[in-house]
1. How many residues does the range 401-418 hold that are in contact with a Ser or Thr (Cβ under 6 Å, 6 or more places away or on another chain) and either surrounded by 18 or more Cβ atoms within 10 Å (Cβ to Cβ) or among the basic types (Lys, Arg) (or both)?
2. Going by what's in this entry, would Arg276 be described as under 24 Å from the mean Cα position of the chain (by Cα) and either among the acidic types (Asp, Glu) or surrounded by 14 or more Cβ atoms within 10 Å (Cβ to Cβ) (or both)?
3. Determine if the range 12-19 includes at least one residue that is crowded, with 21+ Cβ neighbours inside 10 Å, modelled with pLDDT of 80 or more, within 23 Å of the chain's Cα centre (by Cα) and hydroxyl-bearing (Ser, Thr, Tyr).
4. Are any residues in the range 122-140 of a type in the set (S, T, N, Q) and within 13 Å of the chain's Cα centre (by Cα), and if so, which ones?
5. Out of everything in the range 28-55 that is crowded, with 23+ Cβ neighbours inside 10 Å and modelled with pLDDT under 85, what residue ends up being nearest to Cys119 (Cα to Cα)?
6. Within the range 117-129, is there a residue that is farther than 17 Å from Leu189 by Cα, surrounded by fewer than 24 Cβ atoms within 10 Å (Cβ to Cβ) and either in contact with a helix residue (DSSP H, G or I) (Cβ under 6 Å, 6 or more places away or on another chain) or touching a residue at least 24 places away in the same chain (Cβ under 8 Å) (or both)?
7. Tell me whether the range 318-334 contains one or more residues that are over 18 Å from Gly236 (Cα atoms), within 21 Å of the chain's Cα centre (by Cα) and crowded, with 21+ Cβ neighbours inside 10 Å.
8. Just a yes or no: is a residue in the range 344-352 surrounded by fewer than 20 Cβ atoms within 10 Å (Cβ to Cβ), of a type in the set (S, T, N, Q) and over 21 Å from the mean Cα position of the chain (by Cα)?
Amino acid sequence: MQADVHRSIDAIWRIESAKLIAGLARIVRDVALAEDLAQDALVIALEKWPQDGIPDKPGAWLMTTAKRRAIDWLRRHKTRDRKYEEIAREQPLYTEDDVDSAIDGEIGDDLLRLIFATCHPVLSREARVALTLRLLGGLTTEEIAKAHLVPEPTIAQRIVRAKKTLSSAGVPFEMPAADQIKDRISTVLEVIYFMFNEGYAATSGSSWVRPLLCQEALRLGRVLAANAPSEPEVHGLVALMEIQTSRFKARADANGDPILLLDQNRALWDRLLIRRGLAALARARASGRPLGPYALQATIAACHAEARTAQETDWVRISALYEALARAMPSPVVELNRAVAISMAFGPQYGLQLVDELVAEPSLKAYHLLPSVRGDLLRKLGRLEEAKLEFERAAALTGNERERALLLRRVAECSSSS
């Protein structure tokens, strides 16, 4: 029973942590401190909820508890701490009512401010992405490491150093001026994209998808598009997320098990979201500039959305788009996706040739989709014993329970057919 409560608390924390940290950061003006205060609220929940039960509104409970911690901290430090004395001479001191309104106010603006604060140029690109995903996406260091194909200790060190750097630099918790947004936009887009991807196909846990994380990423993308309407890649990313989100009802069955793209019931795809995505893609194209990585991916997603059935998908065009994407954003993962598209357009033997070239790629050593794709291509070619070994390897590498079960079913299918 207690284990079930802890799992529930973990799920609640993933949903609520970014809101807590964003609201607290606006008050204490320190991202690291805001995270510490939010963690304090989590510790109290871990102590009380197993005994008292999970509250009807756990998010509000955590917010209230975190707010009290913030008030206590301000009381202890606003007169004693020299730094806050200097701030006090420049602006009115916060009252408890101010804290109430700030924490309970418009949380969306706080989240966007937090993204821009953690994506400040004082940090390296890698540190910005890791820190923002940790604070806003609620991702663990393990999940971030897997998403970036780097060792977990490396990510942990980046996050610790990034928080210290922001504190020592006194980075303001505010939206940057219009001329400064462009300097940070690429990292902000990257972070929102990673947030969305983690929601779209969770790297770990018992759920195949995390819809709330996708919804939050999409909402932030829409807000960002309103603040930076002349940036085509912002519209490109929004288009990509709108179209991908349209598939949510078809991506899992009644038991929560994955349904892959070609097997999905396209009647369940949300046509309104598809239309919104196509409109955003049109705005990206209207700039007249060459399509960037997000707009190219949105164009690929649009190819799927516009095909009435899986059989009508224009895989030749998608292959060409992946070729353009590989030039715009060189990446082994893009090459793997290109191999899949080529296999669909021209046959599995051609895709397998490209996948085999990626087997020795160091960054893909622990990437479960490499053996998964290779296993699928081998299965289509009738090489079932080899395919079985690849599916087993992929199942051992994935951290998602639903995906592991899917891969093990592939193993069983290969065994029964051989």
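The values are calculated or read from the model by the stated rules, or taken from the named source; none is laboratory data. These numbers were taken from a predicted model, which means no experiment stands behind them. Heads up, the Cβs are rebuilt from the backbone with ideal geometry, glycines too, and the neighbour counts pull from every protein chain shown.
1. Number of matching residues: 1.
2. yes
3. yes
4. So the first thing to find is which residues in the range 122-140 are of a type in the set (S, T, N, Q), and the list is 124, 132, 140.
Answer for the range 122-140, where residues must be of a type in the set (S, T, N, Q) and within 13 Å of the chain's Cα centre (by Cα): Thr132, Thr140.
5. Among residues in the range 28-55 that are crowded, with 23+ Cβ neighbours inside 10 Å and modelled with pLDDT under 85, the one nearest to Cys119 (Cα to Cα) is Val31.
6. Step one: list which residues in the range 117-129 are farther than 17 Å from Leu189 by Cα, which gives 122.
Checking the rest, the ones that are also surrounded by fewer than 24 Cβ atoms within 10 Å (Cβ to Cβ) come to 122.
With either in contact with a helix residue (DSSP H, G or I) (Cβ under 6 Å, 6 or more places away or on another chain) or touching a residue at least 24 places away in the same chain (Cβ under 8 Å) (or both) added as a condition, the list becomes 122.
Yes; the residues of the range 117-129 include at least one that is farther than 17 Å from Leu189 by Cα, surrounded by fewer than 24 Cβ atoms within 10 Å (Cβ to Cβ) and either in contact with a helix residue (DSSP H, G or I) (Cβ under 6 Å, 6 or more places away or on another chain) or touching a residue at least 24 places away in the same chain (Cβ under 8 Å) (or both).
7. Checked the range 318-334: no residue is over 18 Å from Gly236 (Cα atoms), within 21 Å of the chain's Cα centre (by Cα) and crowded, with 21+ Cβ neighbours inside 10 Å.
8. yes
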